[in-house]
Amino acid sequence: MPDATLLGVYANGQTFGQDSPIHRDNKASEQGLTVVMFCNEHWASSWGGELVFYDHAKQNIIKSVLPKPGRIVIFNGHVPHSARSPAATCDRLRMTLAFKTLI
């Protein structure tokens, strides 16, 4: 992303019950992309922990992405999103790196 300016890099870890709030990474006046990398070496789909995207009114889910080792998701920082916590049956920390940018 040669036209991007890095705003910050965030290491995130979640266990059961730690859902993130629905939020946007960029202000209305900013154009930016967010890059999320899933860092676990193994992740069972039954553990959940989806990265969930919502419509602009934050009323409907428009897409959901399951964690997968090494998976990278790039999205517009204006899109409301949240990170679901792992299921109670998961004995792992859901780990991600997030890179927030301005374009």
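A few remarks follow.
- The single condition among (1) charged (D, E, K, R); (2) closer than 21 Å to Gly8 by Cα; (3) surrounded by fewer than 18 Cβ atoms within 10 Å (Cβ to Cβ); (4) modelled with pLDDT of 95 or more that Lys27 does not satisfy is (4).
- When Ile74 is tested against the conditions (1) touching a residue at least 24 places away in the same chain (Cβ under 8 Å); (2) of a type in the set (A, V, I, L, M, F, W, C); (3) open to solvent by less than 50 Å² (accessible area, probe 1.4 Å), the lone failure is (3).
- Some residue of the stretch 34-52 being among the aromatic types (Phe, Trp, Tyr), buried (at least 17 other Cβ atoms within 10 Å of the Cβ), touching a Lys or Arg at 6+ places or on another chain (Cβ under 9 Å) and without any contact (Cβ under 8 Å) to a residue 40 or more places away in the chain: no
- Conditions (1) open to solvent by 60 Å² or more (accessible area, probe 1.4 Å); (2) of a type outside the set (A, V, I, L, M); (3) over 21 Å from Thr101 (Cβ atoms); number of the one not met by Pro67: (1)
- Of the listed requirements (1) open to solvent by 20 Å² or more (accessible area, probe 1.4 Å); (2) assigned to a strand (DSSP E or B); (3) out of contact with any Cys (no Cβ under 9 Å at 6 or more places or on another chain); (4) touching a residue at least 40 places away in the same chain (Cβ under 8 Å), Ala98 misses just one: (1).
- Reported count of residues in the stretch 72-94, each being more than 10 Å from the chain's Cα centre (by Cα) and outside any loop (DSSP other than H, G, I, E, B), is 3.
The values are calculated or read from the model by the stated rules, or taken from the named source; none is laboratory data. Values in this document were obtained by computation on a predicted structure and should not be read as measured data. Ideal geometry is used to build each Cβ from the backbone, glycine not excepted, and the neighbour counts take in all protein chains shown. Each accessible area value is taken on the protein alone, full model and side chains, heavy atoms only, with ligands, DNA and RNA left out. Shrake-Rupley method; radii C 1.70, N 1.55, O 1.52, S 1.80 Å.
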